[in-house]
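The values are calculated or read from the model by the stated rules, or taken from the named source; none is laboratory data. This is a predicted model, so every value here is computed, not measured. Here the Cβ positions follow ideal geometry from the backbone for every residue, glycine too, while neighbour counts run over all protein chains shown. Keep in mind that these areas ignore ligands, DNA and RNA; they rest on the heavy atoms of the full protein, side chains included. Shrake-Rupley method; radii C 1.70, N 1.55, O 1.52, S 1.80 Å.
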Amino acid sequence: MKKRSVTIIAAAFAGLALSFTVATSSIWSLDGVHSRLGFTVKHMGISDFNGSFGNYEVKMTATKEDFSDAKVELTGDIASINTANEMRDNHLKGADFFDAEKYPKFTFVSKSFTKVAKSKNEYKVVGDLTLHGVTKEITMTAVHNGTVTNPMNKKEVSGFKMTGTINRLDFKVGAENPGLSNDVHVTADLELVKE
């Protein structure tokens, strides 16, 4: 009877140990050469005005192969804004808009990365965007374009397109202006390398 009790207890502990198996996280870092973080604003209600940020970092961690529990962290430099016009770039960096001297960084940290129902590669991404000293929750859409092995370095590479729209006035970037839309469309084409 005593031997049977010991066996039952041992089996119970074995099951308990299995239930606490730690999942291994995969870490993905930005390949900046093959990525782009851009934005589009409507000008005068008739044309799209485009720009991008040249200096930013992205890190993604996930324990599931389908990325359904992924966490994304992005940090960028306001001073790296580029609209193909130096005078305009300097104006945007100034106190009238981003005030890069006072608020040099912007960040996005996801709180959830949820697969859209009935979709194999689309996700709803909710997180906190900190811009111009203001932090607000925003929602983005992410599409996973696939994972391949880079033939040059043999590392796994995943591609994502993240899109969303923010209201610049929510972050106190610029003032109300009839010639400039409040909505800013953000597009991040990301190539991430598994570490």
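Determine the pairs where a residue that is outside any strand (DSSP E or B), located within region 36-61, has a partner that is open to solvent by less than 40 Å² (accessible area, probe 1.4 Å) with Cβ atoms under 7 Å apart, the partner being 6 or more residues away or on another chain.
Pairs found: MET44/GLY179; GLY54/SER80; ASN55/GLY76; ASN55/ASP77; ASN55/SER80.
PHE49 passes all but one of (1) more than 30 Å from LYS120 (Cα to Cα); (2) at pLDDT 95 or above; (3) open to solvent by less than 60 Å² (accessible area, probe 1.4 Å); which number fails?
So the condition that PHE49 fails would be (2).
Being farther than 14 Å from MET60 by Cβ and of a type in the set (Phe, Trp, Tyr) is the requirement here; does PHE160 meet it?
Values: farther than 14 Å from MET60 by Cβ: no; of a type in the set (Phe, Trp, Tyr): yes.
No: the conditions fail for PHE160.
Could you check, for region 149-164, whether at least one of its residues is closer than 30 Å to ASP99 by Cβ and acidic (Asp, Glu)?
no
So for region 125-141 (the condition being of a type in the set (S, T, N, Q), out of contact with any strand residue (DSSP E or B) (no Cβ under 8 Å at 6 or more places or on another chain) and farther than 17 Å from THR187 by Cα), does at least one residue qualify?
Initial filter on region 125-141 (of a type in the set (S, T, N, Q)): 130, 135, 139, 141.
Filter again for out of contact with any strand residue (DSSP E or B) (no Cβ under 8 Å at 6 or more places or on another chain), leaving none.
Checking region 125-141: not a single residue is of a type in the set (S, T, N, Q), out of contact with any strand residue (DSSP E or B) (no Cβ under 8 Å at 6 or more places or on another chain) and farther than 17 Å from THR187 by Cα.
Within region 75-83, does at least one residue satisfy the condition of being open to solvent by 50 Å² or more (accessible area, probe 1.4 Å), touching an Asp or Glu at 6+ places or on another chain (Cβ under 8 Å), under 21 Å from GLY32 (Cβ atoms) and in a strand (DSSP E or B)?
We begin by selecting, within region 75-83, every residue open to solvent by 50 Å² or more (accessible area, probe 1.4 Å); these are 75, 79, 82.
Pick out the ones that are also touching an Asp or Glu at 6+ places or on another chain (Cβ under 8 Å) and you get 75, 82.
Filter again for under 21 Å from GLY32 (Cβ atoms), leaving 75, 82.
Now drop any that are not in a strand (DSSP E or B), which leaves 75, 82.
Checked region 75-83: at least one residue is open to solvent by 50 Å² or more (accessible area, probe 1.4 Å), touching an Asp or Glu at 6+ places or on another chain (Cβ under 8 Å), under 21 Å from GLY32 (Cβ atoms) and in a strand (DSSP E or B).
Quick one: what pairs do we get from region 101-113, first residue farther than 12 Å from ILE138 by Cα, second modelled with pLDDT of 95 or more and part of a loop (DSSP other than H, G, I, E, B), C-beta under 6 Å, 6+ apart or different chains?
That search, which allows pairs on different chains as well, returns TYR103/HIS132; TYR103/GLY133; PHE113/ALA70.
Does region 52-74 hold any residues that are open to solvent by less than 60 Å² (accessible area, probe 1.4 Å) and touching a helix residue (DSSP H, G or I) at 6+ places or on another chain (Cβ under 6 Å), and which are they?
PHE53
Please go through region 93-109 and give me each residue that is hydrophobic (A, V, I, L, M, F, W, C) and not in a strand (DSSP E or B), ordered by number.
Filtering region 93-109 for residues hydrophobic (A, V, I, L, M, F, W, C) gives 95, 97-98, 100, 106, 108-109.
Within region 93-109, ALA95, PHE97, PHE98, ALA100 qualify.
Need pairs with beta-carbon distance below 6 Å; first residue more than 14 Å from VAL109 (Cβ to Cβ) and within region 132-148, second among the hydroxyl-bearing types (Ser, Thr, Tyr) and surrounded by 13 or more Cβ atoms within 10 Å (Cβ to Cβ); sequence gap 6+ or separate chains.
Going by the 6 Å Cβ cut-off, the qualifying pairs are HIS132/TYR103; GLY133/TYR103; THR141/THR163; ALA142/TYR123; THR147/SER158.
Looking only at strands (runs of 3 or more DSSP E) that fall completely inside region 110-195, which ones have 3 or more residues that are open to solvent by 50 Å² or more (accessible area, probe 1.4 Å), of a type in the set (S, T, N, Q) and closer than 24 Å to SER35 by Cα? Quick ask: steps written out before the conclusion?
Values: elements: 122-131, 134-149, 156-167, 180-194.
Of the strands (runs of 3 or more DSSP E) lying wholly inside region 110-195, those with at least 3 residues that are open to solvent by 50 Å² or more (accessible area, probe 1.4 Å), of a type in the set (S, T, N, Q) and closer than 24 Å to SER35 by Cα span 134-149.
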